[in-house]
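Asker: Encoded as structure tokens, here's the structure I'll be asking about.
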Amino acid sequence: MSSSSLEKSRIAVIGGGPMGLALAYELTRLGHRPVLIEADDRLGGMAACFEFAGMQLERYYHFHCLSDTAFFQMLRELGLEDQLQWRTTEMGFYLDGRLHPWGSVGAVLGFRRLPLLTRVRYLLHAARCLTIRNWRSLDGITATQWLRSWLGEQGYQVLWHKLFAYKFFHYSDQISAAWIWSRIRRLAQSRRRLKETLGFLSGGSQQLIDAMADAIRGGGGEIQLGSPVQALRPVPSGGAVLRTPSREQVFDCVISTVPLPLMAPVLQAGGVEPALVDRYRALPSVACACVVLQTRQPVTTNFWTNVNDTRFAIPGVIEMSNLRPLTGHVSYVPFYIPADHPEYQRPNEAFIADAWACLKAINPQLSDADLLASHCSRYRFAQPVCGVHFQQSLPPLQPFPGVFTADTTAYYPEDRGISESIGFGRELARQAVEVVR
């Protein structure tokens, strides 16, 4: 195709998840008309919704914390602030065939499966996570080392070992302490009067996605769905040529928000040097097969139940209907498995059967007649593996003039989150505008 036949646009955003939507939204506020290009047939990325048992439901579970300031700001600007609701939630721990209360000081002190000293050390560690301000002091040690130093070997084995094993498999001993610290701190900060308090939108994530998309279109932006980017060819003067199945387009600035490993074949197809392509390809991730079950009665009264049972390769069960009112009782059961692991190749029905067996073990009162609906979603790059000194392994944010590549690892040590993606996306939009100028 000749250059004269190529369409000319100013800024392209690749990926329609929360970060990509926030980028395009902020660009319209800054006077630009971005083109948002999404491979899927819907917006949202990991926050995308689907039709399940007569309701719009997220493919993967989401909740909001009291510290999600970037999310709150977006709601105010979109007029959705009154749609955010809060609820006091409970947590549990399924161990040795018994469901234990968890998450509160009283529950931890009453957990007689561990010596009293270990329980006290657990509480002191949680408190310490709230006082650490400089995460870089944790960046050079692994999470498993750090947790063992605080809890001892017995405490680590009972409370954390299986959660790491079934979240990261053979990567378990590589995860940075800074990463686990950020997760503990975020939930610890989401408390009112010492009680865990989590939020949800009355219309779910779809309410936010629709409002952001409307704002982008209203600001002159364009959204192209079902358009996977097949190649990105940098332009020496800045920007790039993007190829999708239907056309090629030239942009003065391109900002990718899809998982960095997904950019490896795209850059390779664009003729980028192999050494740089390999930096994208080398970043490890764990896939997820996430089962959603609708039941006639609740499994527990908890929002989150950690699972430590050798029968199930499941780190936890999330009962969304104990946070957000839904039709029936809805639970998420995630299976985190490397995509090249034989277990990940199992059919959806096998994951659903395992998830249902786990729920029935947690609550023996459940019978097969209580299972009303089920679904299994899969995401190849669900959980980045954030090792020690993780930022040093990332490719440059701007590998070429006018080309930015970022995903949720860009705001390490924070873990994947809608608020974090929104905040980072808006800031990156402002950086991109400076490049265009």
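Asker: Could you check how many residues of segment 404-437 are in contact with a Phe, Trp or Tyr (Cβ under 7 Å, 6 or more places away or on another chain) and more than 26 Å from R281 (Cα to Cα)?
Answerer: Matching residues across segment 404-437 total 1.
Asker: What number of residues within segment 67-120 satisfy the criterion of being in a strand (DSSP E or B) and among the β-branched types (V, I, T)?
Answerer: Residues meeting the conditions: 1.
Asker: What single numbered condition from (1) over 30 Å from E273 (Cα atoms); (2) modelled with pLDDT under 95 fails to hold for H375?
Answerer: So the condition that H375 fails would be (2).
Asker: Only one of these is open to solvent by less than 50 Å² (accessible area, probe 1.4 Å), over 30 Å from G203 (Cβ atoms) and not charged (D, E, K, R): A350, A282, A269. Name it. I'd like the intermediate steps shown before the answer.
Answerer: Working: A282 fails: open to solvent by less than 50 Å² (accessible area, probe 1.4 Å); A269 fails: open to solvent by less than 50 Å² (accessible area, probe 1.4 Å).
Step by step, each of A350, A282, A269 is checked, and only A350 is open to solvent by less than 50 Å² (accessible area, probe 1.4 Å), over 30 Å from G203 (Cβ atoms) and not charged (D, E, K, R).
Asker: In segment 413-423, is there at least one residue being closer than 21 Å to A231 by Cα and touching a residue at least 40 places away in the same chain (Cβ under 8 Å)?
Answerer: There is no residue in segment 413-423 that is closer than 21 Å to A231 by Cα and touching a residue at least 40 places away in the same chain (Cβ under 8 Å).
Asker: Which condition number does P259 fail, the rest of (1) open to solvent by 10 Å² or more (accessible area, probe 1.4 Å); (2) over 24 Å from D41 (Cα atoms) being met?
Answerer: Single failed check for P259: (2).
Asker: Search segment 303-312 for residues being touching a Phe, Trp or Tyr at 6+ places or on another chain (Cβ under 7 Å) and either among the β-branched types (V, I, T) or modelled with pLDDT under 95 (or both), and hand back the single one that is surrounded by the most Cβ atoms within 10 Å (Cβ to Cβ).
Answerer: T305
Asker: Pull up segment 399-418, narrow it to residues that are more than 20 Å from G17 (Cα to Cα) and in a loop (DSSP other than H, G, I, E, B), then point me to the one that is least open to solvent (accessible area, probe 1.4 Å).
Answerer: Checking each candidate, the answer is G402.
Asker: Another question about this same structure. Looking at (1) out of contact with any Leu (no Cβ under 8 Å at 6 or more places or on another chain); (2) in contact (Cβ under 8 Å) with a residue 12 or more places away in the chain, which one does S256 not meet, given that it meets all the others?
Answerer: All conditions pass for S256, except number (1).
Each row is one residue, and each column tells you yes or no for (1) within 26 Å of C49 (Cβ to Cβ); (2) part of a strand (DSSP E or B); (3) among the small types (G, A, S).
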residue: Y332; (1), (2), (3): yes, yes, no
residue: A339; (1), (2), (3): yes, no, yes
residue: Y344; (1), (2), (3): yes, no, no
residue: F351; (1), (2), (3): yes, no, no
residue: W356; (1), (2), (3): yes, no, no
residue: L359; (1), (2), (3): yes, no, no
residue: Q365; (1), (2), (3): no, no, no
residue: A369; (1), (2), (3): no, no, yes
residue: L372; (1), (2), (3): yes, yes, no
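The values are calculated or read from the model by the stated rules, or taken from the named source; none is laboratory data. This structure is a prediction, so every number in the text was calculated from the model and none was measured. Cβ coordinates were reconstructed from backbone atoms using ideal geometry, including for glycine residues, and neighbour counts include every protein chain displayed. Please note that ligands, DNA and RNA were not included when accessible areas were found on the heavy atoms of the full protein model with its side chains. Shrake-Rupley method; radii C 1.70, N 1.55, O 1.52, S 1.80 Å.
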